[in-house]
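The values are calculated or read from the model by the stated rules, or taken from the named source; none is laboratory data. Values in this document were obtained by computation on a predicted structure and should not be read as measured data. FYI the Cβ positions are ideal-geometry reconstructions off the backbone, even for glycines, and counts take in every protein chain you see. With ligands, DNA and RNA removed, areas are computed over all heavy atoms of the protein, side chains included. Shrake-Rupley method; radii C 1.70, N 1.55, O 1.52, S 1.80 Å.
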Amino acid sequence: IDSTNAYAMSIIKKREAGEGTVILADFQTGGRGQKGNVWESQKGMNLTFSVILFPEFLEAGKQFYLLMSTSLGMIDLLKQAGIKAMIKWPNDICVSGKKISGILIENSLKGAYISSSIVGIGLNVNQTHYVTPGIMPTSVKLETGREMNCDILFSETLRHLTIWIRKLYRNEWPAIREKYLQHLWQYHKWSDYADSTGSFRGRITDILEGGELVIEKQNGIYEKYLFKEIEYGS
């Protein structure tokens with residue numbers, strides 16, 4: 001398939017998708033990530049799938065809670081595998097700074113609420129070599145030294161995702177937010193960043209409901225950033 005997210009969108013438009021429909025691909029020819037980045041994945045080595053949801057109760061201004069819930073499901077899955085992972089805002093799951101999983105959520109709106117959501121997830125499982133320039137990924141196998149059964153891992157992934165998405169559907173906002181901040185990479189740590197004004201030192205102090213990252217700069221000024229407005233330093 002070209003992209004599980006693209007396929008998911010096509011069956012939503014044809015009204016052929018139900019709540020919780022999952023599209024799993026052995027290989028994607030056009031897998032993509034945030035900002036149009038390519039998702040590199042060798043055939044049969046990893047998990048690439050999309051989950052279709054219809055969270056019509058969810059206000060557009062709170063849509064970041066879906067990404068938070070999904071991220072926490074992946075964190076718990078990796079913890080079960082013996083891997084301590086962190087969430088790198090906005091949509092990456094990393095181990096020691098190396099990306100092990102990526103999430104791409106595409107929402108459709110109806111007025112002030114979400115009408116449908118496509119939760120696209122890529123998890124590096126058994127792949128150990130990467131050729132895309134500029135990326136430093138890792139995988140479950142690289143972290144544990146063990147070959148994993150992708151079918152079993154997929155079932156466990158859906159189990160952990162279900163736990164956290166149910167919390168979302170029960171409006172457990174404080175529990176989701178608190179757990180997310182506990183696993184947020186560089187939270188309250190002084191680090192290097194760059195925005196439209198140049199490089200600076202700062203620390204993440206908060207995530208707003210709309211997904212904006214709040215950073216305190218060394219001069220004491222607090223700035224809010226959307227997904228493409230800030231970069232992490234090396």
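Give the number of residues within the stretch 116-149 that are open to solvent by less than 30 Å² (accessible area, probe 1.4 Å) and within 25 Å of residue 20 (Cβ to Cβ).
First, pick out the residues of the stretch 116-149 that are open to solvent by less than 30 Å² (accessible area, probe 1.4 Å): 116-127, 137-140.
Checking which are within 25 Å of residue 20 (Cβ to Cβ) leaves us with 116-125, 140.
Residues flagged as open to solvent by less than 30 Å² (accessible area, probe 1.4 Å) and within 25 Å of residue 20 (Cβ to Cβ) within the stretch 116-149 amount to 11.
Close contacts from the stretch 205-234, counting a first residue that is at positive phi and a second that is in a loop (DSSP other than H, G, I, E, B), with Cβ to Cβ under 7 Å and a gap of 6+ residues or different chains, come to 211/90.
If we scan the stretch 198-215, do we find a residue that is part of a loop (DSSP other than H, G, I, E, B), in contact with a Leu (Cβ under 9 Å, 6 or more places away or on another chain), surrounded by 14 or more Cβ atoms within 10 Å (Cβ to Cβ) and among the acidic types (Asp, Glu)? Yes, the stretch 198-215 contains at least one residue that is part of a loop (DSSP other than H, G, I, E, B), in contact with a Leu (Cβ under 9 Å, 6 or more places away or on another chain), surrounded by 14 or more Cβ atoms within 10 Å (Cβ to Cβ) and among the acidic types (Asp, Glu).
Selection of the stretch 180-234 for residues being under 22 Å from residue 136 (Cα atoms) and of a type in the set (A, V, I, L, M) yields 184, 194, 230.
Among the residues of the stretch 68-94, which ones are outside any loop (DSSP other than H, G, I, E, B) and open to solvent by 30 Å² or more (accessible area, probe 1.4 Å)? Selection gives 76, 79, 80, 86, 88, 92. A single member of 176, 152, 165 is modelled with pLDDT of 95 or more, farther than 18 Å from residue 88 by Cβ, open to solvent by less than 60 Å² (accessible area, probe 1.4 Å) and assigned to a helix (DSSP H, G or I), and it is 165.
Restricting to the stretch 95-106, give me the number of residues that are open to solvent by 50 Å² or more (accessible area, probe 1.4 Å) and in contact (Cβ under 8 Å) with a residue 40 or more places away in the chain.
Within the stretch 95-106, the first condition is being open to solvent by 50 Å² or more (accessible area, probe 1.4 Å), and the residues that meet it are 96, 98-99, 106.
Narrowing the set further to residues that are in contact (Cβ under 8 Å) with a residue 40 or more places away in the chain leaves 96, 98, 106.
Residues meeting the conditions: 3.
Inside the stretch 179-197, residues that are part of a helix (DSSP H, G or I) and either within 18 Å of residue 226 (Cβ to Cβ) or at pLDDT below 95 (or both) make up a count of 1.
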